[in-house]
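Any read-out appearing in this document is the output of simple, stated calculations on the displayed coordinates, not a laboratory observation. On a predicted model such as this, the values are computed, not experimentally measured, just so you know. Please note: Cβ atoms are built from the backbone with ideal geometry, for glycine as well, and neighbour counts cover all protein chains shown.
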Amino acid sequence: MSWLLRRHWPLAWAGWRDLDVDHSRPNENPIQRPWARVNSSRSVWLENNVLKIQDYLETPLQMGGVSYEKQPFTENWGTDFDLNIDGNIIQQQFWGAVITPSWSNVGWNSTENRPMIVIWRDATSAVNSIKIIVYSGGSITTLASTPNYSGLMNRSWYHFRILVDKDRLVRIYYNGGLLLQYWLPTQYKSYLGNRSLSFLNQTSAWSEQKNFRVFDHETIFKTETQWNTQVKYDDFNRANGAVGNGWTVHGTSGQIVSNSYSVTGGDDGSRAVIADTGSALGAQRVEAVIGGAEAPKTNQASGLIVRCNAAGTEGIIATVTSGSIFLSKFTGSLTSPTLTIATSGSATVQSGNKIALSAIGDAVWVEVNGVIALMADASGQVPLEHSYAGVLVSRGSFVNSASWNDARILLP
């Protein structure tokens, strides 16, 4: 039953609930609409208003699932429910939620080659992880994974939430805590009519779900923000040598080379220049054109920095190579940072591209030539009060990273 419905484009919103005290109905075996199975003869039934899916021993090797009829309208959507699962510690076990159309989509019939959010247990293991995998032709590819946790698969109830933003950033929560986030590759992104979850159970015990909701949600990623206040701009068009121009310098072997900020050689490690934005509100943006003395490399990264403290010992960084982008928290120092990676993704980056890193609150994202290439939830890891921003270059294994042809620091 819907609890919220607004169909006015582009701000269409919807929400539905089921399997809760307000939407109780008699036992059903098999379960009836608005639920239905696709491509499976596995038993799925309603018992005491709880959705139950039989164990994998009933129908070995069947990968079809059960889904709810209704789907969200927008690119920012989610599903949550209470979950209770179990499985033996002898064989590989997993319970999954696959991003698919709902069962009501005519012609759809397979969960293969689609991103699957799973609670996973390896064979002969008593611990579990949360993974995003793709099942295809009998083989499994792991796209992302948490560390191992106790619990998750121990016949006890917990609250499970999946949020999707811009149809690509998947965030997974356990009892309100963010455990995993992943930027879906383009071929696996969700879209209108493909914003349902098909649930399947590949454990040796039946699974249970209740208090189900599916909904559009208000995204934290305000990517349409207008960045109207320029704090600093530097085109680096001056004589080779020290950067100067009011920058705070970390690593003196990062200098002006051929009208760009670049590594001049020397030891492995990073060099950076940062400037104070004067703002402690947590909203900052750096835009910079990559290339100059050094073009982007496949094996050495340059970086954009926001939400950095004055000492350069903590902040948010987007590191960029010619084929990838990583969004991370950094600690330690800007000349030898320790990175805690939040998300990563593939991207084609060439000299002359404008790369931008923005942060508003916990929402952080990277653009390449104005197109969003990666997003992450900082999840309170870096204080809003950190007011410095800038750019970074690096050197490793006798290879210099790409230079920066210019750098611009902005506020809303």
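Positive-end ranking of MET63, GLY291, LEU143 along the dipole of the chain, with charges on Cβ about the Cα centre, is headed by MET63. Taking log10 I(q)/I(0) by the Debye sum over Cα atoms at q = 0.07, 0.09 Å⁻¹ as the quantity of interest, determine which of (i) -0.39, -0.61; (ii) -0.33, -0.55; (iii) -0.28, -0.48 was computed from the displayed structure. Structure-derived value, by its label: (i). Counting Cα-Cα pairs of the stretch 135-216 in 10 Å increments starting at 0 gives whole-percent bin shares of 13, 43, 38, 6.
Computed 3J(HN,Hα) for the stretch 19-24, one whole-Hz value per residue from the Karplus formula 6.51 cos²θ - 1.76 cosθ + 1.60 where θ = phi - 60°, is 6, 10, 5, 7, 9, 8, glycine and proline marked x. The residue among LEU152, ALA239, SER204 whose Cα reaches farthest toward the positive pole of the charge dipole of the stretch 127-247, with charges on the beta-carbon of Lys, Arg, Asp and Glu, is SER204.
Among ARG161, ARG195, sorting on how many other beta-carbon atoms sit within 10 Å of each Cβ, with the fewest leading, yields ARG161, ARG195. Here the dipole of the chain is about 400 debye; that uses its Cα centre as origin and unit charges on the Cβ of Lys and Arg (positive) and Asp and Glu (negative). Pairs of Lys residues in the stretch 101-233 that lie 8 or more places apart, or on two chains, and have C-alpha atoms under 23 angstrom apart add up to 7. Per residue, the convex hull around the alpha carbon atoms of the stretch 229-411 comes to 93 Å³.
About its Cα centre, the dipole of the stretch 2-216 is roughly 440 debye, where the only charges are +1 on Lys and Arg Cβ and -1 on Asp and Glu Cβ. Pick out which of PHE215, PHE236, PHE398 has the largest mean-square fluctuation in a Gaussian network model of the chain, springs linking Cα atoms closer than 10 Å. Residue with maximal mean-square fluctuation among PHE215, PHE236, PHE398: PHE398. Dipole magnitude for the stretch 229-411: computed about the Cα centre from +1 point charges on Lys and Arg Cβ and -1 point charges on Asp and Glu Cβ, it is near 180 debye.
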